[in-house]
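For reference, the structure discussed in these notes is given below.
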Amino acid sequence: MSNNSLNSLIQQLGKVPGVGKRSAQRIALHLLQHKETELQPLMHALSLADQHVKQCEICGNLDGQSPCQICQSVKRDATILCVVEDVADVWAMERSNGYQGLYHILGGTLSALEGRGPEVLAIEPLKNRIRQGDFQEVILAMNATMDGQTTSHYIAEILMEFKIKVTRLAHGMPMGGELDYLDQGTLAAALSARLVI
Ligand SMILES: [Zn+2]
């Protein structure tokens, strides 16, 4: 193996989100020292994913089929649509076991700093789905970040023309959270979103 192949492996690994140069070197070394148990199965998995994983033409989810299993399922409630930033957010919602509706993946957030406008997000497809579907409620489940909330407000305004119920996730106390440990913003959000019991 020439030094070039090693460098290019490290370079590619370093492009993976969350993997810096040092980690890329460590991963490359680990893979090369365990070719049969680590490197080859990884190559196989990468190749299978490349061939079989598709983006759902309806919601933007990643799955082995398009439309994805969620969009095709008759068990899901087709009157509720949950708008999220990324595929990972769909996984998080599914893990919660608390949601039975459908999803729409925007593909990111608006960001003034990084120059991302509405045209890079799946907003037109969202409007088309609402126009053609039978939705009674749209849940805006953006991250509680500045960009997430800006995006949420932007979409809420766009959806006003549809006269549909638009909700957003509650902000506030995390399960198991103690008042004393909450940051100021979380506690303020929990206070303003308090519920009658
Ligand atoms: Zn789908």
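The values are calculated or read from the model by the stated rules, or taken from the named source; none is laboratory data. Predicted model only: the values in this text are computed from it and were never measured. As a convention, Cβ positions derive from the backbone with ideal geometry for all residues, glycine included, and neighbour counts pool all protein chains shown. The protein model used for the area step is the full one, side chains on, heavy atoms only, and it has no ligands, DNA or RNA in it. Shrake-Rupley method; radii C 1.70, N 1.55, O 1.52, S 1.80 Å.
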Inset, instruction - Determine, from the Cβ-Cβ distance of Leu39 and Ala170 and an R0 of 30 Å, the FRET efficiency 1/(1 + (r/R0)^6), rounded to the nearest 0.05. - result: 0.10
Legend entry - Exposure ranking of Tyr154, Tyr99, Tyr181 by accessible area [1.4 Å probe, largest first]: Tyr181, Tyr154, Tyr99
Inset, instruction - With a probe of 1.4 Å, find how much accessible area the chain has per residue, and write the answer as a whole number in Å². - result: 68
Inset, instruction - Roll a 1.4 angstrom probe over the protein heavy atoms and tell me the percent of accessible area of region 148-197 that is carbon or sulfur. - result: 60
Inset, instruction - State the extension gain, in nm to one decimal, for the chain segment bounded by Lys127 and Gln11, taking 0.36 nm per residue of separation less the distance between their alpha-carbons. - result: 37.8 nm
Legend entry - Förster radius 30 Å - calculated FRET efficiency between Ser192 and Gln100 (Cβ-Cβ, nearest 0.05): 0.60
Legend entry - Cβ charges +1 (Lys, Arg) and -1 (Asp, Glu), total dipole of the chain, debye: 200
Legend entry - C-alpha long axis of helix 21-33 to longest principal axis of the chain, angle in °: 50
Inset, instruction - Could you rank Val166, Val84 by how accessible they are, 1.4 Å probe, largest area first? - result: Val166, Val84
Inset, instruction - Mind listing the long-range amide H neighbours of His104? Cut-off is under 5 Å, sequence gap 5 or more, other chains count too, H placed in the peptide plane at 1.01 Å from N. - result: Cys82, Val83, Val84
Inset, instruction - Just read off the accessible area of Asp134 with the full protein assembly in place, 1.4 Å probe, to the nearest 10 Å². - result: 110
Inset, instruction - Give the long-range amide H neighbours of Cys68: residues separated by 5 or more places, or on another chain, with amide H under 5 Å away, using H modelled in the peptide plane at 1.01 Å from N. - result: Glu57, Ile58, Cys59
